[in-house]
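The values are calculated or read from the model by the stated rules, or taken from the named source; none is laboratory data. No experiment lies behind these values; they were computed from the predicted model shown. With ideal geometry, Cβ positions are generated from the backbone for all residues, glycine too; neighbour counts draw on all protein chains shown. SASA here: full protein model, heavy atoms, side chains in, ligands and nucleic acids out. Shrake-Rupley method; radii C 1.70, N 1.55, O 1.52, S 1.80 Å.
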Amino acid sequence: MTPEEVAARGWDEVDVVFVTGDAYVDHPSFAMAILSRVLEANGYRVAILSQPDWHSSAPWKAFGRPRLAFAVSAGNMDSMVNHYTANRKIRSEDAYSPDGQIRRRPDRATLAYCQRAREAYRGVPIIAGGVEASLRRLAHYDYWSDKVRRSILLDAKPDLLVYGMGEAPLLEILKRLDAGTPIESIRDVRSTAYRLGASTPPPDDDRTVRLPSYEEVSADRHAFAEMTRLAYLETNPYCARRLVQVHGTESIVVCPPSLPLGESEIDRIYDLPFTRKPHPSYGTQRIPAYEMIRDSVQIMRGCFGGCAFCSLTAHQGRIIQSRSKQSVLAEVRRMTGDPEVPFSGTVTDLGGPTANMYRLGCREKEKQKTCRRTSCLHPAICKNLDTDHTAFIKLLETVEREEGVGRVFIASGIRFDLACGNPRFLDRLVRHHVGGRLKVAPEHADPEVLRLMKKPLIEVFDAFARQFYDASAAAGKRQYLVPYLMAGHPGCDLAAMVRVAEYLKKNRYRVEQVQEFLPAPFDLATAMYYTGLDPFTGKKVYVARGERERRMQKALLLYDKPENHRLVIEALQLAGREDLIGYGPECLVSPRGPKRPTQSGSKSKSKSKKPFRRFPKKTKKGAGSKQKGPRSDSRKPR
């Protein structure tokens with residue numbers, strides 16, 4: 001990370017300079033650490049330029065001219081999502097920066113980093129990657145400027161863009177560069193995208209899908225919805241075709257996604273010698289994201305859920321890639337035996353994007369190669385999907401028996417519709433792997449909104465909740481579900497959100513926090529937000545655009561909070577649901593204020609049982625105490 005460290009290794013030059021918007025943490029949960037370790041294992045000399053001052057090109061010259069390329073990433077998050085909330089306000093903390101400092105990277109960091117790399121050394125190939133580049137590879141709606149922007153390839157002007165998980169494509173590109181192949185000739189590597197000038201016609205064959213042009217999608221919302229639909233149909237790496245999108249006189253070409261890594265391949269990646277800690281130059285500065293995942297272990301990648309508001313499937317793919325039990329155990333043993341990173345005895349998370357998708361996948365491998373479903377779970381669980389949790393149960397049992405390990409938690413959450421009907425897994429879960437609370441994501445209760453979200457009906461969540469509480473009672477434990485709920489998602493109007501509030505009141509869930517929908521690039525829900533259309537049906541979708549209505553939707557989920565009283569009354573009046581304003585057991589708020597008066601008019605001193613109770617602020621020692629609080633919190637009554 002410093003020229004002094006380069007000299008100490010005896011290098012006269014470096015092969016690749018990685019430029020990243022994150023603090024450098026050598027932990028396998030950080031993309032930059034994985035990529036640099038993979039390249040190092042293949043004989044390349046790698047330098048990390050972490051969170052450089054982008055106001056000049058001087059930091060880009062710190063390691064001298066890289067022999068092969070600059071590899072540029074905004075970091076583990078899109079820089080605009082990293083900087084701004086759903087209300088376009090600046091966030092108070094950057095979890096990927098030392099001491100959570102904000103503004104350690106610029107807005108649209110990929111653009112600034114590529115520009116400075118060009119200024120520093122003309123002619124050095126620039127490869128852009130990471131979440132920001134990946135999700136902005138085509139024309140896309142940008143929430144913060146409220147317009148359709150061109151592909152990031154045209155604005156940042158890298159020589160190549162790598163989208164999705166970058167180990168295989170990046171290594172292939174560097175091998176070709178090392179062999180003397182000009183970067184402008186590298187046009188067939190999977191999971192890459194590039195631009196063609198006016199003098200070069202784009203590919204046009206039966207393996208190519210021509211998307212509506214940038215001019216069309218920026219002028220016509222139906223064209224934008226069609227572009228989104230076509231792009232999502234080409235996400236299965238086994239049958240995906242090349243995408244072409246014209247921007248004026250230039251063209252963007254997106255090659256098919258990389259094939260999923262096999263077990264031995266993914267094991268080799270996670271078995272590399274990560275130090276599992278931040279670079280020593282940070283000293284005593286804390287990096288919040290690292291503190292959350294320090295004692296966690298990634299066991300898989302990918303997600304076949306296909307939720308409309310989530311970028312996981314678009315970035316990591318929907319085919320699950322799992323590590324072997326031996327590889328996971330080897331990492332746990334490194335954790336328990338590392339004297340430099342003290343281990344508490346608790347594996348805070350044994351999971352991934354969705355922990356209980358470990359080793360799950362399609363039973364029909366031949367059918368999988370031609371399948372164009374965007375979700376294996378919606379509108380119903382695919383009949384060809386293997387939902388047997390046996391491998392995950394065995395992994396949990398094995399890790400918990402490992403010497404030096406006291407507890408193993410699943411903090412990354414589970415998919416409750418997969419867990420339903422798996423009593424052996426639920427019994428194991430509630431007895432050993434829940435620290436008092438379990439995160440689950442029903443997200444909503446209205447059937448039409450859930451359909452647009454590509455989430456299961458609320459009745460499925462209710463069935464899971466009954467099974468969870470029954471299993472907890474059988475184990476002699478009082479444990480609670482932490483449901484994630486979302487306000488402002490396309491399709492949700494005030495009437496739909498009132499129905500969610502009624503559901504919460506009826507089931508005695510008291511929500512502490514609510515996630516507000518944030519239209520991130522490339523998401524299906526973002527296309528709905530911008531166009532007002534469902535990309536797959538063409539039907540109109542209601543969109544709450546004004547800040548006032550979004551605030552009212554959020555307030556309805558937090559209807560019991562005194563500060564939301566006026567907003568809840570306004571929302572109920574606008575929704576024509578004044579029947580929920582009053583003192584009856586079904587009412588959400590009283591007409592006079594947040595506190596219910598007694599008959600005598602004096603303050604009540606009754607000690608009778610309250611209908612709701614909040615989950616205690618403190619958790620047991622070792623039960624996820626180093627992690628951030630959940631987006632919402634609830635508990636079931638006794």
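General observations
- When each of Leu360, Leu396 is tested for being aliphatic (A, V, I, L, M), farther than 24 Å from Cys310 by Cα and crowded, with 21+ Cβ neighbours inside 10 Å, the lone residue that passes is Leu396.
- For first residues located in the range 33-52 and within 19 Å of Gly10 (Cα to Cα) and aromatic (Phe, Trp, Tyr), partners that are in a loop (DSSP other than H, G, I, E, B) and open to solvent by less than 20 Å² (accessible area, probe 1.4 Å) and lie 6+ apart or on another chain with Cβ distances below 7 Å form the pairs Tyr44/Asp15.
- Listed by position, the strands (runs of 3 or more DSSP E) inside the range 66-176 whose residues that are in contact with a Lys or Arg (Cβ under 8 Å, 6 or more places away or on another chain) and not small (Gly, Ala, Ser) number at least 3 are 140-142.
- Test: Asp388 is open to solvent by 50 Å² or more (accessible area, probe 1.4 Å) and under 20 Å from Val460 (Cα atoms): yes
- For the range 6-57, the tally of residues that are open to solvent by less than 20 Å² (accessible area, probe 1.4 Å) and among the acidic types (Asp, Glu) stands at 3.
- The set of residues in the range 204-233 being touching a residue at least 40 places away in the same chain (Cβ under 8 Å), under 26 Å from Gln316 (Cα atoms) and either open to solvent by 30 Å² or more (accessible area, probe 1.4 Å) or charged (D, E, K, R) (or both) consists of Tyr214, Glu226, Arg229, Leu233.
- Taking the listed residues Met77, Met32, the one that is within 21 Å of Thr526 (Cβ to Cβ) and in contact with a Phe, Trp or Tyr (Cβ under 9 Å, 6 or more places away or on another chain) is Met77, with no other qualifying.
- The range 500-516 - residue that is in contact with a helix residue (DSSP H, G or I) (Cβ under 7 Å, 6 or more places away or on another chain) and assigned to a loop (DSSP other than H, G, I, E, B) and, of those, least open to solvent (accessible area, probe 1.4 Å): Val511
- Screening the candidates Arg105, Arg67 for the property of being crowded, with 19+ Cβ neighbours inside 10 Å and basic (Lys, Arg) yields one hit, Arg105.
- Candidate set from the range 438-456 (those that are over 21 Å from the mean Cα position of the chain (by Cα) and touching a residue at least 12 places away in the same chain (Cβ under 8 Å)); member that is farthest from Met335 (Cα to Cα): Glu448
- Which listed residue is open to solvent by 20 Å² or more (accessible area, probe 1.4 Å), under 25 Å from the mean Cα position of the chain (by Cα) and acidic (Asp, Glu), from Asp142, Asp146, Asp178: Asp146
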